[in-house]
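Read-outs: derived from the displayed coordinates by stated rules, not from any lab. Remember, it's a predicted structure, so these values are computed and weren't measured experimentally. With ideal geometry, Cβ positions are generated from the backbone for all residues, glycine too; neighbour counts draw on all protein chains shown.
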Amino acid sequence: MQSTSVFTIDEGKELRVQCEFASVRILSGEVESFGTPLQGGDFHYRAESFPLFSFEGAKVSIQGKFSVQQNCESSAPLYRQLYKDLHSERECPRILIAGPCDSGKSSLCRTLTSYSLSEGMPLIFADLDPGQSVSVPGSLAAIPLGGGPEEPPLIYCYGHSSPAHNPQHFMVSIQNLTKAIDRRLETDTFKKGGVVVNSCGWIEGLGYDLLKDAIKTMKIETVLVLGEKLLLENLKTDFPEGDVQLKLVPRNAGASSRSKQSRHFARVNKIREYFWGEQGNFRPVVQALDCHLVSIVKIVSASNSNDVELAVERVMPSRDLVGAVLGVSHSPTMEDVPNYNVAGFVFVENIDERNNKLIFQCPCPGPLPGRFLIAGSVKLR
């Protein structure tokens with residue numbers, strides 16, 4: 001049932017909202033959400049949990065289908081001071097957020113990037129969590145923020161929701177992502193804001209080894225560890241004092257654990273948003289293409305090798321691909337597919353084996369910008 005309610009946010013507190021859909025209007029005072037000031041007009045949310053924080057107190061109106069927790073303790077004051085400290089220590093900081101699943105890594109990333117943008121400092125947000133990516137699940141991304149439309153996002157198709165599926169490919173994607181980030185950080189646009197990196201919540205065993213490799217590869221200067229003292233101590237052992245600054249940050253006050261089912265739903269919803277929009281108002285284009293005009297490939301670890309080497313194998317079109325999300329690679333050759341970013345993604349609607357046709361949905365009309373389509377384990381089902 002849809003309803004409209006007015007809430008008072010006490011000084012230094014936050015209102016936590018969980019909604020199917022909601023419109024928020026600020027009636028008095030100043031309010032921010034994930035570090036972004038909410039000023040003027042209505043703010044619309046869909047299938048989301050979000051905080052409304054006020055330093056000095058405020059009153060808000062919320063319309064929609066939602067539930068709230070009132071006058072909760074907030075991490076916002078701590079995060080604002082943390083941001084000031086990070087940028088007072090160095091120009092162009094390289095910051096990585098580490099911690100277990102559901103500790104609030106994404107929220108801290110959103111808050112730090114929002115503070116930077118509000119001060120007129122463009123920066124790069126890098127997402128190394130293929131399970132809950134800022135882009136389509138199964139991808140690693142570098143998103144320039146505040147640099148203008150001439151600074152497009154850079155997306156690499158890893159193809160799986162967990163780094164465990166193909167650790168070699170995961171690290172090669174990070175290496176390629178880092179090269180692109182380094183080039184952009186050398187420009188006047190991003191040299192002050194730096195980069196904020198969201199890492200995967202897998203922090204044990206191989207997951208911890210991959211985290212260490214990412215810190216080294218991306219030349220991270222500061223690691224913010226969210227609420228996990230054992231992780232902090234392990235990192236202190238592996239990164240001697242002076243190499244990397246390590247800081248323990250309390251777990252986000254509004255963070256809550258999610259079930260395996262809710263994580264799966266979030267991934268499915270992210271794919272649906274990409275093709276059909278948040279409110280289902282996008283209309284992807286259905287295309288039918290002769291299978292011989294494209295090459296569907298998968299990236300695997302090279303056999304008999306202890307090095308980080310990959311092999312690219314062809315995938316024969318079959319009904320097994322129905323529902324798959326494929327990355328459209330910019331690579332000019334099959335061997336170089338792991339080293340190139342993707343232009344976007346297509347969704348396999350059907351395989352017409354009789355007529356040898358690939359039937360897929362694409363976000364926009366026209367020919368595909370590349371002939372190599374990367375298959376993984378990510379599907380919409």
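Between helix 260-276 and the chain there is an angle of about 70 degrees, using the helix long axis and the longest principal axis of the Cα atoms.
Extending 7 Å from Cα along the Cβ direction at GLU353 and again at MET334 yields two label points whose distance is 2.2 nm. When you count the other C-beta atoms within 10 angstrom of each residue and take the mean per peptide, 368-377, 282-291, 79-88 line up highest first as 368-377, 79-88, 282-291.
Given the Cα-Cα distance of GLU11 and GLN39 and 0.36 nm per residue of separation, how much length would full extension add, in nm? Mind showing how you got there, number by number?
On the way: separation 28, 0.36 × 28 = 10.08 nm, distance 1.78 nm.
The span from GLU11 to GLN39 would gain 8.3 nm if fully extended.
Relative to the longest principal axis of the Cα atoms of the chain, the long axis of helix 229-238 lies at roughly 60 degrees. Helical content of the chain, expressed as a calculated mean residue ellipticity at 222 nm, amounts to -7500 deg cm²/dmol (DSSP H runs of 4 or more residues, -39,500 (n - 2.57) each, divided by residue number, nearest 500). At 1.002 mPa s and 20 °C, plugging the Kirkwood radius over alpha-carbon pairs of the chain into Stokes-Einstein gives what diffusion coefficient in µm²/s? Once the numbers are plugged in, D ends up at 97 µm²/s. Relative contact order of the chain, taken over Cα pairs closer than 8 Å and 6 or more residues apart, is 15 percent. Given R0 = 41 Å, the distance between the Cβ atoms of MET316 and ASP238 translates into a calculated FRET efficiency of 0.40.
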